[in-house]
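Since the structure comes first, as structure tokens, the remarks are kept for the end.
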Amino acid sequence: MARPHIEWIQAQALSWQPDAVAARPGAEAKILSRDAESGALSCILRYPPGYRLGADHLAVDEEFWVLDGGIELDGIAYREHSYAHLPRLMPRSGFSSADGAVVLTFFSGTPVARPGVAPTPFDERRLVRHLSATDNVWDGDFASMGLESMAATARMRTLRRDPDSGEVTYLTCTMPFRQGERSERHPVVQEFFMISGELAGDFGVMQSGAYCWRPPMIKHAPYGSWTGTVLLFRSVGGPQSTLWEDPDQAFTWKPDHKPVLPPDMAPLMAQPWKRPDRY
């Protein structure tokens with residue numbers, strides 16, 4: 001993996017860049033992380049009202065979660081807190097956003113749109129056409145990832161599990177005042193975006209909009225949250241499993257602010273991120 005360790009950046013600290021993603025001309029983007037070798041990209045895309053694209057396909061996977069507003073793809077409406085995973089070469093009859101949208105988006109390589117239908121079929125086993133958090137489904141299995149200790153104070157929803165690589169995308173919702181006790185390591189990349197809440201950990205206090213790209217076997221946690229959290233996680237490079245260790249220091253609700261960031265991002269997080277007003 002050719003992405004640097006990012007733990008963590010507040011998306012709010014990043015600037016919107018016009019036309020930064022070639023496959024989405026006319027949209028603005030915040031670039032969360034990018035693989036310099038493969039072109040794989042994690043970003044937030046902002047579509048203006050009236051946005052529209054014609055029939056096309058991508059040579060890479062596209063995975064997304066709607067943060068705000070709504071989009072329509074192949075006649076299916078994706079509202080706030082909707083999810084999809086679209087395999088490479090899948091034909092799209094059209095893409096639009098009537099009122100505008102902000103969409104957390106992951107591409108498995110350089111995203112370039114090609115008109116019309118791909119010359120070869122796509123792998124339908126890897127398609128997740130549409131899921132919504134409002135379905136109120138919490139069917140994830142903490143034990144399958146070695147996270148049994150979370151089961152009493154959190155819920156999980158599996159959004160996708162790749163039939164070949166075992167990579168998994170899932171949603172975790174934790175209870176307010178939950179506090180962990182041990183540290184973790186994972187043998188694959190763990191990527192996450194915090195949809196809501198506040199989370200204290202060994203690198204500082206994260207707010208809604210926090211993003212992390214954690215390379216394999218990086219020690220992290222324990223975490224705690226006064227508010228409860230909703231986080232979208234992705235394992236990259238294989239299925240997620242967990243190795244538990246004693247922490248280097250005891251958990252504290254007020255940890256030192258010391259995010260791990262590449263040089264171009266570090267100045268953006270020089271100070272702790274201000275807790276948003278709640279009243």
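Once the Cβ-Cβ distance between residue 38 and residue 99 is put in as r, and R0 is 22 Å, what FRET efficiency do you end up with, to the nearest 0.05? Working shown, then result.
Working: r = 34 Å, r/R0 = 1.53.
Efficiency for this residue pair is about 0.05.
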- Message: Test of understanding: extend the Cα→C-beta vector of residue 248 to 7 Å, then name every residue of region 210-232 with backbone N under 11 Å from that spot.
- Response: 219-221
- Note on the structure: Heavy-atom accessible area with a 1.4 angstrom probe orders 61, 277, most exposed first, as 277, 61
- So, by mean Cβ neighbours within 10 angstrom, what's the order for 196-207, 135-146, 107-118 with the highest one leading? 196-207, 107-118, 135-146
- The set of residues whose placed amide H lies less than 5 Å from the amide H of residue 178, leaving out same-chain residues fewer than 5 positions away, is 225, 228
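For region 45-128, divide the Cα radius of gyration by the Kirkwood radius and give the resulting Rg/Rh value with two decimals. Can you show the working numbers first?
Working: Rg = 12.2 Å, Rh = 12.9 Å.
Rounded to two decimals, Rg over Rh is 0.94.
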- Count of lysine pairs in the chain with Cα atoms under 20 Å apart, counting only pairs 8 or more residues apart in sequence or on different chains? 5
- Tell me, what is the FRET efficiency for residue 125 and residue 12 to the nearest 0.05, using R0 = 25 angstrom and their Cβ-Cβ distance as r? 0.10
- Message: Given N residues in region 137-248, what is its alpha carbon radius of gyration divided by 2.2 N^0.38 Å?
- Response: 0.98
- Message: With bins 5 Å wide starting at 0, give me the P(r) of the chain over every alpha carbon pair, in whole percents.
- Response: 1, 5, 12, 17, 20, 17, 13, 8, 4, 2, 0, 0
- Task: Compute the distance in nm between two label points, each set 7 Å from the Cα along the Cα-to-Cβ direction, one at residue 270 and one at residue 59.
- Result: 4.2
- Compute the FRET efficiency between residue 77 and residue 139 as 1/(1 + (r/R0)^6), taking r as their Cβ-Cβ distance and R0 = 41 Å, and round to the nearest 0.05. 0.95
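Taking only protein heavy atoms into account and a 1.4 Å probe, give the accessible area per residue of the chain in Å².
Details: 12570 Å² over 279 residues.
Accessible area per residue, the chain: 45 Å².
What do you reckon, how do 30, 254 stack up by accessible area (1.4 Å probe), largest on top? Mind showing how you got there, number by number?
Details: 30 20, 254 165 Å².
The most accessible residue leads, giving 254, 30.
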- Note on the structure: Carbon and sulfur atoms account, in whole percent of the 1.4 Å probe accessible area of the chain, for 54
- Task: Over all alpha-carbon pairs in region 1-107, figure out the percentage whose distance exceeds 17 Å.
- Result: 53
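The values are calculated or read from the model by the stated rules, or taken from the named source; none is laboratory data. For clarity, every value in this text was computed on a predicted model and none was experimentally measured. Here the Cβ is made from the backbone with ideal geometry for all residues, glycine too, and neighbour counts use every protein chain on show. With ligands, DNA and RNA removed, areas are computed over all heavy atoms of the protein, side chains included. Shrake-Rupley method; radii C 1.70, N 1.55, O 1.52, S 1.80 Å.
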